[in-house]
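S.K.: Quick one: the structure is below, questions incoming.
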Amino acid sequence: MSLKVTPRENNFGAEITGIKLCEPLGGSLAKKLKEAWYQHQVLYFPNQNIDHNHLESFTEAIGPYGIEPYVKTLDDHPHIIEVRRDPHEKIAPFGGSWHSDWSFQEQPPSATILHAKVVPPIGGDTHFADGIRAYEELDEALRAEIDEMEAIHSARRPYSHEGYKLGGDRTSMTVLPSDDAYATQKHPIVRTHPESKRKTLWINPVYTLAIDGLSDSASKSLLSKLFEHLLQDEFILKLKWARDMLTMWDNRSVLHCAQGGYEGHLRLMHRTTVAGSKPF
Ligand code: SIN
């Protein structure tokens, strides 16, 4: 069995086969996987029948764990979040608006790893947006305008007490709203990926509140122009899950959005993150 990387047509996303994630990864395999990940940004591994311990070993082979705020992790696996929506729930899916995980942290996670345990018969896909191509295809004048700008990120919309109340009751996951969610963090709008050195458009509609130094209306108008560009269909990968598929994406250059459309069915996933560094 040997590692096979099958990129999608436009190189954004690749399927990984010839590997068993229930076995130790080993240094050289981890290195090859990371190289594929830097290149394709979203890797998906079908048919990986793994348990929590395997998910932890795989995560540790990629890097140290990230910090999980505002969502209760599993009691006996403090780095794993159970992403669950029960059949009766009407609330929007967890992660159901475009975002990059925990972008309000000073050092947001580099990777998110998500493993599918129960996949509904319809809906429940995850969509990913390619921030690198979006940046490269921005018109030159706009690129020059935003190249040195910073944006203000915060967890307040989903995770302050007020923000959480607006979202409705999520009964199958324990969310922990807090006043900490009002804290803000500045990050560059155009981020350089620390490994591939490629520039990426790094803002998201959930956690990016404003552009530093602009008036409210100028900031709103520039952000909506940038989001409209970034979330065009041509930059989006629409991932259809199957039971036992594991996906690992790069939060330093990719936005994602969980899709609904499976009311009346259970969807159950397990998620870890890998620590990242301060964006520059
Ligand atoms: C997330 O935002 O991490 C959840 C993504 C998903 O469940 O598809």
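The values are calculated or read from the model by the stated rules, or taken from the named source; none is laboratory data. Everything quoted here is computed from the prediction, not taken from an experiment. In this analysis, Cβ positions are derived from the backbone assuming ideal geometry, glycine residues included, and neighbour counts consider all displayed protein chains.
S.K.: Does Asp233 fit the bill of being closer than 28 Å to Lys34 by Cα and surrounded by fewer than 13 Cβ atoms within 10 Å (Cβ to Cβ)?
M.R.: Yes: the conditions hold for Asp233.
S.K.: Another question, then. Pairs, please: C-beta under 9 Å, at least 6 apart or cross-chain, first residue more than 28 Å from Trp202 (Cα to Cα) and of a type in the set (Ser, Thr, Tyr) and in the range 256-274, second within 7 Å of the ligand (Cβ to nearest atom) and at pLDDT 95 or above?
M.R.: Tyr262/Pro93
S.K.: Among what's in the range 69-117 and is part of a loop (DSSP other than H, G, I, E, B) and among the basic types (Lys, Arg), pick the residue that is nearest to the ligand (Cβ to nearest atom).
M.R.: Top of the filtered list is Lys72.
S.K.: Quick check on the range 262-279: of everything there that is more than 13 Å from Ser110 (Cα to Cα) and assigned to a loop (DSSP other than H, G, I, E, B), which residue is farthest from the ligand (Cβ to nearest atom)?
M.R.: Gly264
S.K.: Could you please give the count of residues in the range 250-261 that are out of contact with any Lys or Arg (no Cβ under 9 Å at 6 or more places or on another chain) and more than 9 Å from the ligand (Cβ to nearest atom)?
M.R.: Result for the range 250-261: 5.
S.K.: If only one of His115, His79 is in contact (Cβ under 8 Å) with a residue 60 or more places away in the chain, closer than 22 Å to Ile50 by Cβ and crowded, with 21+ Cβ neighbours inside 10 Å, which one is it?
M.R.: His115
S.K.: What number of residues within the range 83-115 satisfy the criterion of being over 22 Å from Thr184 (Cα atoms) and over 15 Å from the mean Cα position of the chain (by Cα)?
M.R.: Going through the range 83-115 one residue at a time, the tally reaches 9.
S.K.: Condition (residue is of a type in the set (Lys, Arg) and within 20 Å of His256 (Cβ to Cβ)) applied to the range 132-141: is it met by at least one residue?
M.R.: yes
S.K.: Exactly one of these conditions fails for Asn53: (1) over 17 Å from Leu230 (Cβ atoms); (2) touching a strand residue (DSSP E or B) at 6+ places or on another chain (Cβ under 8 Å). Give me its number.
M.R.: Only one criterion is unmet by Asn53, namely (2).
S.K.: Which condition from (1) among the aliphatic types (A, V, I, L, M); (2) farther than 30 Å from Tyr135 by Cα; (3) surrounded by 18 or more Cβ atoms within 10 Å (Cβ to Cβ) is the one that Ile16 breaks?
M.R.: Ile16 satisfies every listed condition except (2).
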